[in-house]
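Asker: Shown below is the structure under consideration.
The values are calculated or read from the model by the stated rules, or taken from the named source; none is laboratory data. What you see is a predicted model, and the numbers here were worked out from it, not measured in a lab. Every residue, glycine among them, receives a Cβ derived from its backbone with ideal geometry; neighbour counts consider all protein chains shown.
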Amino acid sequence: MPNFNYIEELRWRGLLHDITPNAEEILTKENSTGYLGIDPTADSLHIGHLVGVMIMKHFQRAGHKPIIVVGGATGMIGDPSGKSEERNLLDENTLRHNQEALKKQISRFIDFSDDKALLVNNYDWTKDYSFLHFIRDYGKHLTISYMMSKDSVKQRLNSQAGISFTEFTYQLLQGYDFCHLFDKHKCKFQLGGSDQWGNITTGIELIRRKLGGEAYGITVPLITKSDGKKFGKSEKGNIWLDAEKTSPYEFYQFLLNTADEDAERFIKIFSIRPLDELQNLIDEHKKEPHKRILQKTLAEELTIAVHGENELKNAIDASNILFGNGTKETLSKLNEKTFMQIFEAVPNFSIDKKTLEKGVNIVDLLSEHTKIFSSKGECRRLMKENGLSVNQEKNNNPEAIITNTDLINNKFILIKKGKKNYSYISVK
(Lines give C-alpha, C1' and ligand atoms only; values in the text may rest on other atoms or scores of the structure.)
Protein backbone atom coordinates (compact mmCIF):
# COMPACT_ATOMS: atom_id res chain seq x y z
CA MET A 1 0.00 0.00 0.00
CA PRO A 2 1.16 3.61 -0.64
CA ASN A 3 2.86 5.40 2.26
CA PHE A 4 0.66 8.50 1.98
CA ASN A 5 -1.83 10.16 -0.39
CA TYR A 6 0.41 11.34 -3.20
CA ILE A 7 -2.18 13.56 -4.87
CA GLU A 8 -3.04 15.30 -1.60
CA GLU A 9 0.68 15.92 -1.12
CA LEU A 10 0.92 17.51 -4.57
CA ARG A 11 -2.18 19.64 -3.93
CA TRP A 12 -0.81 21.05 -0.68
CA ARG A 13 2.52 21.80 -2.30
CA GLY A 14 0.89 23.61 -5.23
CA LEU A 15 2.15 20.95 -7.64
CA LEU A 16 -1.08 19.73 -9.21
CA HIS A 17 -2.46 21.19 -12.43
CA ASP A 18 -4.38 18.47 -14.30
CA ILE A 19 -5.22 14.88 -13.42
CA THR A 20 -7.16 12.25 -15.35
CA PRO A 21 -10.25 10.65 -13.82
CA ASN A 22 -9.65 7.76 -11.38
CA ALA A 23 -5.90 8.49 -11.11
CA GLU A 24 -6.09 9.50 -7.44
CA GLU A 25 -8.13 6.42 -6.55
CA ILE A 26 -5.59 4.09 -8.19
CA LEU A 27 -2.65 5.75 -6.42
CA THR A 28 -4.29 5.42 -3.01
CA LYS A 29 -5.10 1.73 -3.52
CA GLU A 30 -1.90 0.31 -5.00
CA ASN A 31 1.79 0.89 -5.50
CA SER A 32 2.11 2.07 -9.07
CA THR A 33 4.76 2.89 -11.66
CA GLY A 34 4.93 6.28 -13.36
CA TYR A 35 7.31 8.06 -15.68
CA LEU A 36 8.60 11.54 -16.36
CA GLY A 37 10.43 12.57 -19.52
CA ILE A 38 13.61 14.64 -19.32
CA ASP A 39 14.88 16.65 -22.27
CA PRO A 40 18.53 15.67 -22.95
CA THR A 41 19.49 18.71 -25.03
CA ALA A 42 22.08 19.80 -22.41
CA ASP A 43 24.49 17.90 -20.17
CA SER A 44 23.00 19.48 -17.05
CA LEU A 45 19.59 20.08 -15.60
CA HIS A 46 18.70 23.62 -14.66
CA ILE A 47 16.79 24.50 -11.51
CA GLY A 48 13.51 24.64 -13.42
CA HIS A 49 13.84 20.89 -14.12
CA LEU A 50 13.78 20.25 -10.39
CA VAL A 51 10.03 20.78 -10.34
CA GLY A 52 9.62 17.55 -12.34
CA VAL A 53 12.34 15.78 -10.36
CA MET A 54 10.63 16.74 -7.08
CA ILE A 55 7.25 15.33 -8.10
CA MET A 56 9.01 12.05 -8.92
CA LYS A 57 10.84 12.15 -5.59
CA HIS A 58 7.50 12.51 -3.78
CA PHE A 59 6.13 9.73 -6.03
CA GLN A 60 8.90 7.46 -4.74
CA ARG A 61 8.42 8.63 -1.14
CA ALA A 62 4.76 7.63 -1.41
CA GLY A 63 5.85 4.06 -2.22
CA HIS A 64 5.51 4.21 -6.01
CA LYS A 65 8.20 3.45 -8.60
CA PRO A 66 9.55 6.30 -10.76
CA ILE A 67 10.90 5.85 -14.25
CA ILE A 68 12.92 8.72 -15.70
CA VAL A 69 12.90 8.64 -19.49
CA VAL A 70 15.76 10.49 -21.12
CA GLY A 71 14.39 11.53 -24.48
CA GLY A 72 17.19 10.37 -26.73
CA ALA A 73 14.79 9.66 -29.59
CA THR A 74 12.32 12.47 -28.97
CA GLY A 75 15.30 14.77 -28.33
CA MET A 76 16.35 14.12 -31.90
CA ILE A 77 12.92 15.33 -33.04
CA GLY A 78 12.09 18.26 -30.78
CA ASP A 79 8.89 18.78 -28.83
CA PRO A 80 6.80 21.67 -30.20
CA SER A 81 5.05 22.13 -26.82
CA GLY A 82 5.79 25.58 -25.46
CA LYS A 83 8.27 26.27 -28.27
CA SER A 84 7.93 28.94 -30.92
CA GLU A 85 10.61 27.49 -33.19
CA GLU A 86 12.02 24.11 -34.09
CA ARG A 87 15.14 23.16 -32.15
CA ASN A 88 18.50 21.98 -33.39
CA LEU A 89 18.71 18.20 -33.53
CA LEU A 90 21.45 16.41 -31.55
CA ASP A 91 23.60 13.46 -32.59
CA GLU A 92 23.65 10.17 -30.66
CA ASN A 93 27.08 10.67 -29.04
CA THR A 94 26.01 14.01 -27.59
CA LEU A 95 22.74 12.55 -26.34
CA ARG A 96 24.51 9.62 -24.62
CA HIS A 97 26.96 11.98 -22.92
CA ASN A 98 24.07 14.14 -21.73
CA GLN A 99 22.18 11.08 -20.46
CA GLU A 100 25.01 10.05 -18.14
CA ALA A 101 25.44 13.58 -16.81
CA LEU A 102 21.71 13.91 -16.11
CA LYS A 103 21.49 10.55 -14.31
CA LYS A 104 24.28 11.61 -11.97
CA GLN A 105 22.37 14.76 -11.04
CA ILE A 106 18.97 13.07 -10.70
CA SER A 107 20.52 10.39 -8.46
CA ARG A 108 20.96 13.03 -5.78
CA PHE A 109 17.17 13.12 -5.49
CA ILE A 110 15.89 9.72 -6.58
CA ASP A 111 17.10 6.34 -5.32
CA PHE A 112 17.91 4.05 -8.26
CA SER A 113 19.28 1.20 -6.12
CA ASP A 114 17.64 -2.25 -5.98
CA ASP A 115 15.24 -1.50 -8.82
CA LYS A 116 13.50 1.24 -6.78
CA ALA A 117 13.61 3.48 -9.85
CA LEU A 118 14.73 3.26 -13.47
CA LEU A 119 16.44 5.63 -15.85
CA VAL A 120 15.95 4.63 -19.47
CA ASN A 121 16.51 6.20 -22.88
CA ASN A 122 13.70 6.01 -25.42
CA TYR A 123 16.28 5.86 -28.19
CA ASP A 124 16.95 2.25 -27.14
CA TRP A 125 13.46 1.01 -28.08
CA THR A 126 13.03 3.35 -31.04
CA LYS A 127 16.30 3.17 -32.99
CA ASP A 128 15.60 -0.17 -34.71
CA TYR A 129 11.93 0.46 -35.36
CA SER A 130 11.40 1.07 -39.07
CA PHE A 131 9.26 3.97 -40.19
CA LEU A 132 6.91 1.68 -42.11
CA HIS A 133 6.35 -0.58 -39.10
CA PHE A 134 5.85 2.40 -36.80
CA ILE A 135 3.17 4.11 -38.88
CA ARG A 136 1.44 0.77 -39.46
CA ASP A 137 1.47 -0.23 -35.78
CA TYR A 138 0.80 3.16 -34.18
CA GLY A 139 0.01 5.83 -36.73
CA LYS A 140 -3.24 4.13 -37.77
CA HIS A 141 -4.69 4.55 -34.28
CA LEU A 142 -4.79 8.37 -34.36
CA THR A 143 -6.62 10.59 -36.81
CA ILE A 144 -5.14 13.78 -38.25
CA SER A 145 -7.99 15.80 -36.72
CA TYR A 146 -7.18 14.35 -33.27
CA MET A 147 -3.50 15.24 -33.59
CA MET A 148 -4.25 18.73 -34.90
CA SER A 149 -6.61 19.45 -32.00
CA LYS A 150 -3.68 19.61 -29.55
CA ASP A 151 -2.94 23.14 -28.33
CA SER A 152 0.80 22.80 -28.99
CA VAL A 153 0.11 21.98 -32.63
CA LYS A 154 -2.55 24.67 -33.11
CA GLN A 155 -0.28 27.36 -31.64
CA ARG A 156 2.53 26.46 -34.00
CA LEU A 157 0.22 26.20 -37.02
CA ASN A 158 -0.98 29.73 -36.29
CA SER A 159 2.53 31.08 -35.73
CA GLN A 160 4.87 32.57 -38.30
CA ALA A 161 7.30 29.68 -37.84
CA GLY A 162 4.73 27.00 -38.61
CA ILE A 163 5.41 23.36 -37.75
CA SER A 164 7.36 20.71 -39.60
CA PHE A 165 6.12 17.17 -40.15
CA THR A 166 8.95 16.04 -37.85
CA GLU A 167 7.61 17.99 -34.89
CA PHE A 168 4.02 17.22 -35.80
CA THR A 169 4.77 13.52 -35.20
CA TYR A 170 6.29 14.21 -31.77
CA GLN A 171 3.08 13.42 -29.85
CA LEU A 172 2.90 10.06 -31.62
CA LEU A 173 6.45 9.21 -30.57
CA GLN A 174 5.80 10.24 -26.95
CA GLY A 175 2.58 8.24 -27.01
CA TYR A 176 4.60 5.26 -28.21
CA ASP A 177 6.93 5.69 -25.21
CA PHE A 178 3.95 5.46 -22.87
CA CYS A 179 2.72 2.33 -24.67
CA HIS A 180 6.16 0.72 -24.43
CA LEU A 181 6.52 1.46 -20.72
CA PHE A 182 2.95 0.32 -20.03
CA ASP A 183 3.63 -2.95 -21.82
CA LYS A 184 7.16 -3.65 -20.53
CA HIS A 185 7.10 -2.11 -17.03
CA LYS A 186 3.38 -1.95 -16.15
CA CYS A 187 3.74 1.83 -16.10
CA LYS A 188 0.25 3.31 -15.75
CA PHE A 189 1.14 6.94 -15.10
CA GLN A 190 2.85 9.70 -17.00
CA LEU A 191 3.78 12.90 -15.18
CA GLY A 192 4.95 16.17 -16.64
CA GLY A 193 4.53 19.91 -16.96
CA SER A 194 1.18 21.42 -17.88
CA ASP A 195 2.42 21.95 -21.45
CA GLN A 196 2.70 18.15 -21.78
CA TRP A 197 -1.01 17.45 -21.26
CA GLY A 198 -1.67 17.00 -24.98
CA ASN A 199 1.21 14.55 -25.38
CA ILE A 200 0.20 12.65 -22.24
CA THR A 201 -3.40 12.23 -23.32
CA THR A 202 -2.22 11.02 -26.74
CA GLY A 203 -0.32 8.24 -24.95
CA ILE A 204 -3.35 7.37 -22.86
CA GLU A 205 -5.45 7.17 -26.03
CA LEU A 206 -2.89 4.93 -27.78
CA ILE A 207 -2.76 2.57 -24.78
CA ARG A 208 -6.56 2.34 -24.81
CA ARG A 209 -6.84 1.75 -28.56
CA LYS A 210 -3.84 -0.49 -29.18
CA LEU A 211 -3.39 -2.35 -25.89
CA GLY A 212 -6.88 -2.14 -24.41
CA GLY A 213 -5.35 -0.76 -21.22
CA GLU A 214 -6.16 2.10 -18.89
CA ALA A 215 -3.51 4.69 -18.15
CA TYR A 216 -3.44 8.03 -16.35
CA GLY A 217 -1.82 11.44 -16.48
CA ILE A 218 -0.78 14.06 -13.94
CA THR A 219 0.64 17.47 -14.74
CA VAL A 220 2.18 20.24 -12.65
CA PRO A 221 1.71 23.96 -13.27
CA LEU A 222 4.29 26.11 -14.96
CA ILE A 223 6.23 27.70 -12.11
CA THR A 224 6.55 31.45 -12.44
CA LYS A 225 7.79 34.15 -10.08
CA SER A 226 5.55 36.86 -8.64
CA ASP A 227 6.72 39.23 -11.40
CA GLY A 228 5.36 36.83 -14.02
CA LYS A 229 8.78 35.68 -15.23
CA LYS A 230 9.62 32.01 -15.61
CA PHE A 231 11.28 30.50 -12.55
CA GLY A 232 14.87 29.31 -12.94
CA LYS A 233 16.52 32.14 -14.82
CA SER A 234 18.76 34.95 -13.62
CA GLU A 235 19.85 37.97 -15.62
CA LYS A 236 22.72 35.83 -16.93
CA GLY A 237 20.46 32.97 -18.02
CA ASN A 238 19.64 29.52 -16.63
CA ILE A 239 20.59 28.51 -13.10
CA TRP A 240 22.24 25.16 -13.77
CA LEU A 241 22.85 22.26 -11.38
CA ASP A 242 26.33 21.76 -12.84
CA ALA A 243 28.82 23.64 -10.67
CA GLU A 244 30.89 24.52 -13.74
CA LYS A 245 27.94 26.27 -15.37
CA THR A 246 26.52 27.88 -12.21
CA SER A 247 28.76 28.01 -9.14
CA PRO A 248 27.35 26.78 -5.81
CA TYR A 249 27.65 30.36 -4.54
CA GLU A 250 25.55 31.72 -7.41
CA PHE A 251 23.05 28.86 -6.97
CA TYR A 252 22.75 29.60 -3.24
CA GLN A 253 22.40 33.35 -3.81
CA PHE A 254 19.68 32.85 -6.43
CA LEU A 255 17.54 30.99 -3.91
CA LEU A 256 18.46 33.25 -1.00
CA ASN A 257 17.21 36.23 -2.99
CA THR A 258 13.78 34.73 -3.56
CA ALA A 259 11.10 37.41 -3.18
CA ASP A 260 8.90 37.21 -0.09
CA GLU A 261 5.89 36.79 -2.38
CA ASP A 262 7.44 33.60 -3.81
CA ALA A 263 9.14 32.11 -0.74
CA GLU A 264 6.11 30.23 0.59
CA ARG A 265 5.30 28.67 -2.80
CA PHE A 266 8.88 27.67 -3.51
CA ILE A 267 9.59 26.11 -0.10
CA LYS A 268 6.53 23.88 -0.60
CA ILE A 269 7.74 22.87 -4.06
CA PHE A 270 11.40 22.18 -3.38
CA SER A 271 11.60 21.03 0.24
CA ILE A 272 11.01 17.42 1.26
CA ARG A 273 10.25 18.35 4.87
CA PRO A 274 6.96 17.03 6.28
CA LEU A 275 3.95 19.26 5.63
CA ASP A 276 3.42 20.16 9.30
CA GLU A 277 7.06 21.17 9.66
CA LEU A 278 6.84 23.33 6.54
CA GLN A 279 3.66 24.96 7.81
CA ASN A 280 5.41 25.86 11.08
CA LEU A 281 8.24 27.45 9.10
CA ILE A 282 5.74 29.38 6.98
CA ASP A 283 3.90 30.65 10.08
CA GLU A 284 7.20 31.66 11.69
CA HIS A 285 8.25 33.48 8.53
CA LYS A 286 4.99 35.44 8.41
CA LYS A 287 5.55 36.69 11.94
CA GLU A 288 9.11 37.87 11.22
CA PRO A 289 9.57 38.14 7.45
CA HIS A 290 12.69 40.30 7.88
CA LYS A 291 14.55 37.21 9.15
CA ARG A 292 13.98 35.55 5.74
CA ILE A 293 13.54 32.13 7.35
CA LEU A 294 11.99 30.55 4.26
CA GLN A 295 14.63 31.90 1.89
CA LYS A 296 17.47 30.66 4.10
CA THR A 297 15.86 27.24 4.53
CA LEU A 298 15.20 26.94 0.80
CA ALA A 299 18.73 28.01 -0.17
CA GLU A 300 20.41 25.74 2.36
CA GLU A 301 18.28 22.66 1.67
CA LEU A 302 18.55 22.81 -2.12
CA THR A 303 22.26 23.71 -2.15
CA ILE A 304 22.98 20.67 0.02
CA ALA A 305 20.81 18.46 -2.20
CA VAL A 306 22.54 19.60 -5.41
CA HIS A 307 26.10 20.36 -4.29
CA GLY A 308 26.59 18.89 -0.81
CA GLU A 309 27.17 20.34 2.67
CA ASN A 310 30.75 21.42 2.04
CA GLU A 311 29.75 23.58 -0.92
CA LEU A 312 26.91 25.06 1.14
CA LYS A 313 29.43 26.08 3.80
CA ASN A 314 31.65 27.66 1.15
CA ALA A 315 28.66 29.50 -0.32
CA ILE A 316 27.68 30.86 3.11
CA ASP A 317 31.26 31.90 3.80
CA ALA A 318 31.40 33.68 0.45
CA SER A 319 28.10 35.42 1.16
CA ASN A 320 29.33 36.57 4.58
CA ILE A 321 32.28 38.34 3.00
CA LEU A 322 29.95 40.88 1.48
CA PHE A 323 28.56 41.73 4.91
CA GLY A 324 31.95 42.12 6.50
CA ASN A 325 31.80 38.84 8.42
CA GLY A 326 34.29 36.93 6.32
CA THR A 327 37.95 36.53 7.26
CA LYS A 328 41.11 36.47 5.20
CA GLU A 329 41.02 32.68 5.53
CA THR A 330 37.51 32.42 4.05
CA LEU A 331 38.47 34.87 1.34
CA SER A 332 41.49 32.77 0.39
CA LYS A 333 39.29 29.70 -0.08
CA LEU A 334 37.32 31.31 -2.89
CA ASN A 335 38.17 30.19 -6.39
CA GLU A 336 38.61 32.86 -9.04
CA LYS A 337 35.17 32.33 -10.58
CA THR A 338 33.36 32.75 -7.27
CA PHE A 339 35.46 35.78 -6.32
CA MET A 340 34.54 37.44 -9.61
CA GLN A 341 30.85 36.64 -9.11
CA ILE A 342 30.80 38.15 -5.62
CA PHE A 343 32.57 41.34 -6.61
CA GLU A 344 31.54 41.68 -10.25
CA ALA A 345 29.79 45.02 -9.65
CA VAL A 346 32.47 46.75 -7.54
CA PRO A 347 35.18 49.09 -8.90
CA ASN A 348 38.31 47.21 -9.88
CA PHE A 349 41.79 48.10 -11.01
CA SER A 350 44.58 46.18 -12.71
CA ILE A 351 48.33 46.40 -12.12
CA ASP A 352 51.31 44.51 -13.43
CA LYS A 353 52.45 41.71 -11.14
CA LYS A 354 56.02 42.98 -11.40
CA THR A 355 54.91 46.12 -9.55
CA LEU A 356 54.53 44.08 -6.37
CA GLU A 357 57.70 42.02 -6.67
CA LYS A 358 59.79 44.45 -4.59
CA GLY A 359 56.82 45.69 -2.61
CA VAL A 360 54.77 48.88 -2.84
CA ASN A 361 53.76 51.24 -0.07
CA ILE A 362 50.05 50.77 0.62
CA VAL A 363 49.22 54.47 0.31
CA ASP A 364 51.04 54.69 -3.03
CA LEU A 365 49.29 51.53 -4.25
CA LEU A 366 45.82 52.81 -3.44
CA SER A 367 46.24 56.37 -4.66
CA GLU A 368 48.91 56.31 -7.40
CA HIS A 369 49.03 52.82 -8.93
CA THR A 370 45.23 52.60 -8.67
CA LYS A 371 42.58 55.26 -8.13
CA ILE A 372 40.82 53.63 -5.18
CA PHE A 373 41.57 56.88 -3.32
CA SER A 374 41.69 60.26 -5.02
CA SER A 375 44.65 61.36 -2.87
CA LYS A 376 47.21 60.05 -0.39
CA GLY A 377 45.73 62.31 2.27
CA GLU A 378 42.30 60.74 1.92
CA CYS A 379 43.83 57.28 2.23
CA ARG A 380 45.86 58.18 5.35
CA ARG A 381 42.83 59.79 7.04
CA LEU A 382 40.69 56.67 6.59
CA MET A 383 43.53 54.46 7.86
CA LYS A 384 43.90 56.69 10.91
CA GLU A 385 40.17 56.24 11.58
CA ASN A 386 40.61 52.45 11.30
CA GLY A 387 38.32 52.42 8.27
CA LEU A 388 40.49 50.53 5.76
CA SER A 389 40.59 46.75 5.35
CA VAL A 390 42.91 44.79 3.07
CA ASN A 391 41.78 41.25 2.36
CA GLN A 392 39.24 41.45 5.22
CA GLU A 393 41.86 42.57 7.76
CA LYS A 394 42.05 46.07 9.23
CA ASN A 395 45.14 48.03 8.16
CA ASN A 396 45.91 51.34 9.88
CA ASN A 397 49.63 51.48 9.08
CA PRO A 398 50.36 53.98 6.24
CA GLU A 399 53.92 52.59 6.06
CA ALA A 400 52.78 49.05 5.29
CA ILE A 401 54.27 47.37 2.21
CA ILE A 402 52.12 45.28 -0.14
CA THR A 403 53.80 42.44 -2.04
CA ASN A 404 52.77 39.45 -4.13
CA THR A 405 52.41 37.45 -0.90
CA ASP A 406 49.32 39.53 -0.12
CA LEU A 407 47.49 38.32 -3.23
CA ILE A 408 44.40 36.17 -2.82
CA ASN A 409 44.60 33.18 -5.16
CA ASN A 410 47.79 34.70 -6.51
CA LYS A 411 45.72 37.31 -8.31
CA PHE A 412 43.54 39.62 -6.17
CA ILE A 413 43.73 42.17 -3.38
CA LEU A 414 40.40 43.09 -1.83
CA ILE A 415 40.03 46.61 -0.43
CA LYS A 416 37.17 47.78 1.77
CA LYS A 417 36.60 51.43 2.66
CA GLY A 418 34.36 51.87 5.67
CA LYS A 419 31.66 49.25 6.23
CA LYS A 420 30.71 48.22 2.70
CA ASN A 421 32.54 50.11 -0.05
CA TYR A 422 34.53 47.42 -1.82
CA SER A 423 37.13 47.60 -4.58
CA TYR A 424 39.62 45.05 -5.75
CA ILE A 425 42.97 45.02 -7.48
CA SER A 426 43.85 42.26 -9.92
CA VAL A 427 47.33 41.56 -11.20
CA LYS A 428 48.25 40.40 -14.65
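Asker: Can you name the residue in segment 86-134 that is at pLDDT below 90 and of a type in the set (Lys, Arg) and, of all such residues, is farthest from the chain's Cα centre (by Cα)?
Answerer: Filtering first and then ranking leaves Lys127.
Asker: Being hydroxyl-bearing (Ser, Thr, Tyr) and crowded, with 16+ Cβ neighbours inside 10 Å is the filter here; which residues of segment 139-168 pass it?
Answerer: Within segment 139-168, just Ser152 meets the criteria.
Asker: Another one. Suppose the filter is loosely packed, with under 14 Cβ neighbours inside 10 Å, in contact (Cβ under 8 Å) with a residue 12 or more places away in the chain and more than 15 Å from Thr355 (Cα to Cα); does Glu393 pass it?
Answerer: Taking the combined requirement at face value, the residue satisfies it.
Asker: Then there is this: Taking the options Lys313, Lys287, name whichever one is surrounded by fewer than 18 Cβ atoms within 10 Å (Cβ to Cβ), farther than 26 Å from Arg61 by Cα and over 20 Å from the mean Cα position of the chain (by Cα).
Answerer: Lys287
Asker: If you check Asp364, Asp317, which single one turns out to be within 25 Å of Ala243 (Cα to Cα) and touching a residue at least 12 places away in the same chain (Cβ under 8 Å)?
Answerer: Asp317
Asker: Now a separate question. Kindly indicate the residue of segment 29-51 that is in contact with a Gly (Cβ under 7 Å, 6 or more places away or on another chain) and assigned to a helix (DSSP H, G or I) and also nearest to Tyr216 (Cα to Cα) among those meeting that condition.
Answerer: Gly48
Asker: Filter segment 117-147 down to residues that are in contact with a helix residue (DSSP H, G or I) (Cβ under 8 Å, 6 or more places away or on another chain) and assigned to a loop (DSSP other than H, G, I, E, B) and give me whichever is nearest to Ala62 (Cα to Cα).
Answerer: Applying the filter and picking the extreme gives Ala117.
Asker: Which residue out of Gly217, Gly203, Gly175 is within 26 Å of Lys65 (Cα to Cα), in contact (Cβ under 8 Å) with a residue 60 or more places away in the chain, buried (at least 17 other Cβ atoms within 10 Å of the Cβ) and among the small types (Gly, Ala, Ser)?
Answerer: Among Gly217, Gly203, Gly175, only Gly217 is within 26 Å of Lys65 (Cα to Cα), in contact (Cβ under 8 Å) with a residue 60 or more places away in the chain, buried (at least 17 other Cβ atoms within 10 Å of the Cβ) and among the small types (Gly, Ala, Ser).
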